[in-house]
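**Student:** Mind having a look at this structure? Questions to follow.
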Ligand SMILES: [Zn+2]
C-alpha cells in the first residue's frame, strides 16, 4: 500500500488511503495422508498434497481421521444423503475443463469448477461431513494445489491437487480410503487496512470520474504477480502514460488499488459505502484482474448506446489487437461490481486467458509469468480506453 501510494505521488497525483477493515486469516500447517486404502503396502501411507481454502476453520492440532467419500458434483452428494456423508470427509472431484480453456473459454471453465470450491464445503457440512476437500481448480498438472475463497461452512476445507484427487477417486472406487487431515489455520480479529486511491484531476469536469483499477491483495501461496499485481501496475501505468504524454483529460482519472478482493471484497464494499452518492457522476469504471497476457479487448457491462460510442476507440485499439468489446450481463471485475450494478459503464480487460488458470491462486503465481511486452499492451489498452472516455465532449451515455 505504501509503495503504490508513493509511486502514485511521484506522478503528481492526489493520493489518499481510505480505511478498510479486513478479515485476518492465517494458513498454518496443512498436511494430509491416506492411512488405510485398497492395495496398501504394509507400513506405508500415501502423501496427499493439500492446501487450506481461505477462511477455513482448523482441524484439531493432531488432525482428523475419516473415510473419504468422492463425488463429482452436487447431485451426487445429494443422492448419497446424510447417512453416507455424516462423519466423512467429502472430496468434490469436479474437473477443470482444459479443453474449454484451450479454446479461449477459460473463464467459463473456471466458473464451472470454482462453484465447488466456493459452495462445496457448505453443502458437505449440511449433510454432516466433518471436512471437505475440492479438486484444485485450474489446468496445470504439476501437483500444485489451488487455494481461494470458500463460503464459511463450519468444517475444515481444503483443496487437493488434481493428481491427488484422481488417486483418491481411484482408490475410493475400490474400497474404503481413510485420510488423516491436518489444517491449523486461524481466523483472527479484523485488522485495519486500506484502499489506495489516486486522482489525476480532470481539467474541465473534475467531479466526473473514470476509475482504472486492480487489486492489491493476493493469495499467499505465490507472490500474486498475475493476480493481481499486474492489474495494479496496469492501472498505475495508465496514469503514468497520460502524465508522460502531457495529456490533460477533461474528466478525472482515478487509480484505485483495491484491498481484500480475494477474501471477501471488503475494499470495494467500503468504497461503495463511502462514495455511492458520486456514482451518478462516474463516466466509467475499469478493472484489470485476469492476468497480463496479450489483451484482446474488454468485457463490458454497458448499454447498446454506449457500445456505439466506443467504436472509434476500438479503431485505435485495433493497432495492437486489443479491440474486441464483448458485452456481458454481469460486472466484468469483482471490485467494480457496486458501480456496475448502479449502472455505471463497466469494463474489464480481456487478456488471452489460455494459461491464466495454470498459475492463478497457486505457488506458481510469480513474476516470471509476466511478459513485459504483454503487460505494456494491457497498460496501453487501459490508457487508451480511459483517456478516451475521460476526454469525450459529452459524458459516455448509460
Ligand atoms: Zn484477482
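**Student:** Might you check whether a residue that is farther than 22 Å from residue 205 by Cβ, without any contact (Cβ under 8 Å) to a residue 40 or more places away in the chain and within 16 Å of the ligand (Cβ to nearest atom) occurs anywhere in region 326-338?
**Tutor:** Yes, some residue in region 326-338 is farther than 22 Å from residue 205 by Cβ, without any contact (Cβ under 8 Å) to a residue 40 or more places away in the chain and within 16 Å of the ligand (Cβ to nearest atom).
**Student:** Here are the criteria: (1) more than 13 Å from the ligand (Cβ to nearest atom); (2) buried (at least 24 other Cβ atoms within 10 Å of the Cβ); (3) closer than 30 Å to residue 55 by Cα. Tell me which single one residue 282 does not satisfy.
**Tutor:** All conditions are met except number (3).
**Student:** OK, next. For region 339-367, which positions are in a helix (DSSP H, G or I), touching a residue at least 12 places away in the same chain (Cβ under 8 Å) and surrounded by fewer than 20 Cβ atoms within 10 Å (Cβ to Cβ)?
**Tutor:** Scanning region 339-367 gives a single hit, 367.
**Student:** Taking the stated definitions as given, is residue 275 surrounded by 14 or more Cβ atoms within 10 Å (Cβ to Cβ), modelled with pLDDT of 95 or more and within 16 Å of the ligand (Cβ to nearest atom)?
**Tutor:** No.
**Student:** Ok, one more. Among (1) within 19 Å of residue 367 (Cα to Cα); (2) surrounded by fewer than 20 Cβ atoms within 10 Å (Cβ to Cβ); (3) touching a strand residue (DSSP E or B) at 6+ places or on another chain (Cβ under 8 Å), where does residue 220 come up short?
**Tutor:** Exception for residue 220: condition (3).
**Student:** Could I ask something else about it? Tell me yes or no: at least one residue of region 255-268 is more than 16 Å from the ligand (Cβ to nearest atom), under 24 Å from the mean Cα position of the chain (by Cα) and buried (at least 22 other Cβ atoms within 10 Å of the Cβ).
**Tutor:** Yes: region 255-268 contains one or more residues that are more than 16 Å from the ligand (Cβ to nearest atom), under 24 Å from the mean Cα position of the chain (by Cα) and buried (at least 22 other Cβ atoms within 10 Å of the Cβ).
**Student:** Please list, ordered by residue number, the strands (runs of 3 or more DSSP E) wholly in region 107-199 having 3 or more residues that are touching a helix residue (DSSP H, G or I) at 6+ places or on another chain (Cβ under 9 Å), at pLDDT 95 or above and not assigned by TED's automatic domain parsing to the domain that holds residue 271.
**Tutor:** 131-135, 157-160
The values are calculated or read from the model by the stated rules, or taken from the named source; none is laboratory data. Just so you know, these numbers come straight off a predicted model, no measurement behind them. Here Cβ is always computed from backbone atoms with ideal geometry, including for glycine, and neighbour counts include all displayed protein chains.
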